[in-house]
Amino acid sequence: MKCMGRGLMAVRSIVLSGGSLAAIAASPAMAQDAQGDMADPAFAEPAFAEPAFDEQAASANDEGAYRGNDIVVTATKRAQSLQDVPVAVSVTTETQLERAEIRDLKDLTTEVPTLRVTQLQSSANTNFIIRGFGNGANNAGIEPSVGVFVDNVYRSRSAARINDLPDLERIEVLSGPQSTLFGKNASAGVISVTTAEPKFQFGGQAEVSYGNYDAMVAKGIITGPITDTIAASIAGGINKRDGYIQDEALDQDTNERNRWFTRGQLLFEPNNLFKIRLIGDYEKTDEDCCATVLLQNGFTGAAVNAVGGQFTDPADPYADVSYSNFASTNEIENWGFSGQIDYGYGPFGITSITAYRGVDAVTNQDSDFTSADLISENSQDLAIRTFTQELRLTGEFGPANILLGAFYFNESIDQTNNVLLGSDFRGYADLLIRGQTAGAFTADTVEQTVGALLGDPTQFIGEFFGDGQGLDEAYTLDNEAISIFGQVDFEVTDRLTLTAGLNYTKDNKKFTTDTYTSDTFSTIDLVEVGGIGIYQQALSTTIGDALMLGRPATAAEIGAFAGANPAAFGLISAGSQAYADANAANPDVNPLLALQALQFLPPFQNVPNSVESGKIKDDDLAFTLRAAYDLSDSVNLYVSYATGYKPPSVNLSRDSRPTAADRQALIASGEAVPNLTAGGRYANAEESEVFEFGIKGNWGLAQVNFAAFRQSIKDFQSNIFTGTGFLLANAGEQRVTGFEFDGTMFPVEPLMLRLALTYLDAEYVDFPVSGVGDLSGTQVAGVPPISLTASAQYTHEFGNGSQLIARGAYHYESEVQVVEGLPGFIDLGQEAAIGAVRPFPRQVDDVSASLTWVSDMGLEMSVWGRNLLNDRYLLSIFDTPIQPLSFSGYPNQPRTYGITARYKF
C-alpha cells in the first residue's frame, strides 16, 4: 500500500484540476446545444443523475408529494428513494423540521434516536455521535468520527457547526462506516445536510418566531431567475435569546443566543446536462455560554468561601444559577465558498466540488466556575482554514453502474491558548497548603523551605501562586490528505444488485507546539526537592546521634564532623542518601508531596524535540461489500460488510504529553522538562467495520426500515475533557451490537404515527489504559441502551384549502452513566474514579408538541413547545479545574415554547 505514495502527486493534480476538467468537458454539449443537436433522442434526458435528481428530490420531498420511504435521498451519491437505498439512513425533511420546531442539529436527536448531539465547553463546540461512536469535542486536533457535509462540502471540525438554514431541504443521517464514498473521517457515520438550489421561478419564504427567555428568531430567503439560464437566492437570519441560567455573582444571565447569518447562491443551468452551483455563506456568533453546575465539592469549598468565592449548590444542580467573576466570551465567525459543477453526456457524468472554508473562534471562560478570582483567564484563539476538492465520474454500462472519485483535503490550524491564575489564587492556595499539611506549611514558608533546600531561602519569596502566572500555549497543525474511491453496483437480475466499493486514503500531519509556563511553583520537582530535605534531615539526625547531642546536628557541627571523620561521614552520607532516594516519593516521609495537587500548570514538553518529530503519516484501504434484493415490489432486503477509517489525531491541549517510552527517552537525553509525565500526545488511526442486515418495506399505509448490526472500531480515539484540557488515548476496541427500527403508518388519512427505536449494547472489548484505569469489558458511558422517538401527527383539512396540523412527540433515552469516570480521582483508585459519577446517571424523557394552521395562501402560524415536562439531566461531567476531588457538569436546556409565523410564496 505504501508503494502507491509516488502516484499520489499525479492524482492530486488531477483532483485539484477538477473544476477545469468539468468546465472543459462542458463545452461540447454547449456547442451541440447551439447547433440544435440536443434534439437527438439519445440526449433527451440527462444522463448524469445529480442535476436532474436534485430537482426530483426537491419536489418529491415536498409535503403531500411523497411520504416516508418515498422520500428521495442521495446517501449513496446517486438519487434513490429511501425505500430503494440499501443503507441504514434516517431522513428528516424541511417540513418535519418545521413541525418539530428543530432549530439546529442539536435538536435533531429528538427525531433521529441513533444520533446524539451535544454542545459543551463553548458555542463553537458540537459533538456528533452515531450508534455510540463519535468524538472531537473542543479539541481542534481531533477530527470527528462522524463526517458532516453541507451541500456535499465537508465540515472538518465541530466548530464549523450548522446554524439556522431557511432553505433547508433535508438532513440525512447515515449510520455505520461510510468511508468508501465520503472520503475522509466517516468511520462512524455521516450527517449530510442538503439545501435547496435557487429556482427559476420567483419565490421565497420568511419566518419569525418568539418564545420564552425572550427568544427571537427571524430568517428568510428570496429566490428567482436573473436570466433564462441563471437563478439566484439570498438568505439571512438572526437568532437571539436571553440566557436560561442566572449568574448570581455578575447579576446577568448566561447560556444565551446571539447569532446571525447570511447565505447566497447562484445557479447556472444552460441545459439539462450541465450546471454550476456557487454558494457563499457567513455566520457570526457573539454570546455568553456555557454555564456549569457543581456536583461534588471536594476539600476546597471552605477555601473558596474564605477568599470570598461562591459556587453552585451541589444539592440543587438544576436551580439554573451559576457563579463567576467574569462573563464568558464566544466570538465565532464561520464562512466559506463552494462551487459544484455537474455535467452529463450519454451514459457518463462528472461532478467537481471545490470549497474553501474558514473558522475563527475566540473564546474565554471563567473555568474555576466560582465567583472567586482563581482563574483569571482560560482563553483560546482558533483559526482553521480548509480547502477541499472532490471529483466524481459516473457511468452506466448495461447492468453496471460505476462511480470513480478522488477527494483532496488541505487544512491548517493555528491555535493559541492562555490559562492564568487570578488575584485570589494565592490566598486560596495558602488555605489549601495549611489544610493539606496539617498547618506545617503556609504559602510563605513553602517558598522559604523550597528556596533553602535549593540553596537560597529568598529566591522564591513572592514567586509562588502569583496573580497572572500561568500557561501560554501555541499550537499549529497542517494536514494534507487524499482519497481515491470507487464503487460498482451490478444488477445481476432485476431484483438482485451486488455492490463493491474501495477507498484508499493517505494522510499526512505535521504539528508544532510553543507552550511555556510562568507558574513558578509548578516547575518545582517536589520529589527531588523533598529528597534533598530528607537527606539533610537524615544526615543531621544521624550525626547528632553520633555526637550524642540529643538533637540534630547543625550545619557547622556537620562540617566539623566531616572534617574530623571523613570515612565515617562518607558512610553516614551514603546511608542518608540511600534513605532519601528510597523515600523521596513516599508521602509519609516527604511532606512536600501533599502540595503536588497545587501544581496545576507544570512545564510543557514542546514538539518537535529530539525524540518526537511532530510528523504523522498513515494510509488505509477501506471497502464495502453489499447485496441488495427486492423480495417484492414492497419489500427490499440487504446485507453488507463495510470497513471505515479515520486518520491519527493530535492532542492540541495542555494535557498533550509524550508516551511513556518517549518520556523515558527524553529523560535519558536530558531534554525532559521538570515534572514531565506520560500521556496522550496523539492517537493512532481508527479502523472500523460493520456487519449489517436490513429490511425496508413500503405498503403505502405503512412503511418500515429495520437494520441489525454489529459494529466495532479498533483504536477508537477516546477524548476525555479534564476541565482545562483533554486526555487523548486509543481504546483497543469498542464494539456495539444492536438494531434500528423506523416505522410510519397512516391508519386513517389525516393521522400519521411514527416510532423510531434504537437498541445499542456498547462495550469496550479492550481498553486497558484509559484515563480512569482498565475499562476492558465495561459498558461505554453515555450510550443509552434504548433510544426511541414516538410521534403522532393529525391533519384536519378545511373546505377552503387550509389545514390545522396537530403534532406531539415523545423522545426517550434509557438510564446510562454519563461518563466513564474522572481522571482527577484516579490516585484514589479506579473504583473511586468510576464510582464518583455513578450517582449522576442520565435518563431522557422529552415531550414536545406543536399546533400549526396552514392557509392555502402560504401563511402558517404555529404554537409549539419543546421539553414540555421540563426534564432535566446532565450532558457531561468533568473534574472541576484547580479544585481537587471536585467535579462539575453541564445541564441540559429547560422547557422552551413559543409561536412562529411563516410565509411561503
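Quick notes
- Spread of Cα-to-Cα distances over 5 Å intervals beginning at zero, given as percent, for segment 764-905: 2, 9, 13, 14, 12, 10, 9, 8, 6, 6, 5, 3, 2, 0, 0
- Spatially proximal lysines relative to K510 (Cα-Cα < 17 Å; intrachain offsets below 8 disregarded): K615, K617, K646
- Point-charge dipole on Cβ atoms (K/R +1, D/E -1) for segment 555-637, about Cα centre, debye to 20: 300 debye
- Surrounding net charge for V589, when Lys and Arg each add one and Asp and Glu each subtract one, Cβ distance under 15 Å: -3
- Taking the 1.4 Å solvent-accessible surface of segment 451-599 as the whole, the part contributed by carbon and sulfur is 59%.
- When the Cα positions of Q703, G680, Q664 are compared along the charge dipole of segment 652-725, Q703 comes out farthest toward the positive end, with charges on each C-beta of Lys, Arg, Asp and Glu.
- For the pair segment 620-697 / segment 775-813, the C-alpha centres are spaced 31 Å from each other.
- Cα long-axis angle, helix 660-669 against the chain (0 to 90 degrees, to the nearest 10): 50 degrees
- Radius 11 Å from Cβ of S718, net charge of other residues (Lys, Arg +1; Asp, Glu -1): -3
- Segment 210-352 - Rg (one decimal) and Dmax (whole number), Cα, Å: 24.6, 79
- Around P457: net Lys/Arg minus Asp/Glu count, Cβ-Cβ under 13 Å: -4
- Leading residue at positive end of dipole, segment 381-488 (Cβ point charges), from P399, F460, V446: P399
- Accessible surface computed residue by residue for segment 683-736, with neighbouring protein chains in place and a 1.4 Å probe, gives 33 Å² per residue.
- Across the accessible surface of segment 854-896, with the other protein chains kept in place and a 1.4 Å probe, carbon and sulfur atoms take up 62 percent.
- For the chain, the longest principal axis of the C-alpha atoms and the axis of helix 566-583 are separated by about 30°.
- Rounded to 10°, Cα long-axis angle of helix 526-546 versus longest principal axis of the chain: 20 degrees
- Net lengthening on full extension, A567/L753 (0.36 nm per residue, minus Cα-Cα): 57.6 nm
- Per residue accessible area of segment 515-633, 1.4 Å probe, in Å²: 49 Å²
- Stretching the chain fully between A901 and M861 yields a gain of 13.9 nm (0.36 nm per residue, less the alpha carbon separation).
- Distance between the modelled labels on K615 and A302, one decimal in nanometres: 5.7 nm (7 Å Cα→Cβ projection).
- Full extension of the segment from D588 to A500, taken as 0.36 nm per residue of separation minus the current Cα-Cα distance, would add 25.2 nm.
- In segment 689-747, chymotrypsin sites (Phe, Trp or Tyr not before Pro) in a DSSP loop with at most 14 other beta-carbon atoms within 10 Å: W699
- Of the solvent-accessible surface of segment 253-339, computed with a 1.4 Å probe over protein heavy atoms with every protein chain present, carbon and sulfur atoms account for 52 percent.
- Calculated mean residue ellipticity, 222 nm, the chain: -5000 deg cm²/dmol, from DSSP H runs (n ≥ 4) at -39500 (n - 2.57) each, averaged per residue and rounded to 500.
- Whole-number D in µm²/s for segment 441-543 (Stokes-Einstein; Kirkwood sum over Cα pairs; 4 °C, 1.567 mPa s): 65 µm²/s
- Dipole size of segment 392-469 about its Cα centre, with +1 on Lys/Arg Cβ and -1 on Asp/Glu Cβ: approximately 300 debye, rounded to the nearest 20.
- With θ taken as phi - 60° and the Karplus curve 6.51 cos²θ - 1.76 cosθ + 1.60 applied, the whole-hertz 3J(HN,Hα) list for segment 446-455 is 5, 4, 5, 5, 4, x, 5, 5, 9, x Hz, x standing for glycine and proline.
- If the Kirkwood radius is taken over C-alpha pairs of segment 233-277, then at 37 °C and 0.692 mPa s the Stokes-Einstein diffusion coefficient equals 233 µm²/s.
- Restricting the GluC sites (Glu not before Pro) of segment 212-319 to loop positions (DSSP other than H, G, I, E, B) with no more than 16 neighbouring Cβ atoms within 10 Å leaves E248.
- Sequence-separation-based contact order of the chain, relative, with Cα cut under 8 Å and 6+ spacing, percent: 11 percent
- When the Cα atoms of the chain are aligned to their principal axes, the ranges along those axes come out at 115, 61, 47 Å in descending order.
- Electrostatic dipole magnitude of the chain [Cβ: Lys, Arg +1; Asp, Glu -1; Cα centre; debye, to 20]: 1260 debye
The values are calculated or read from the model by the stated rules, or taken from the named source; none is laboratory data. This structure is a prediction, so every number in the text was calculated from the model and none was measured. Note that each Cβ is placed from the backbone with ideal geometry, even for glycine, and that neighbours are counted across all protein chains shown. For accessibility, only protein heavy atoms count, side chains too; no ligands or nucleic acids. Shrake-Rupley method; radii C 1.70, N 1.55, O 1.52, S 1.80 Å.
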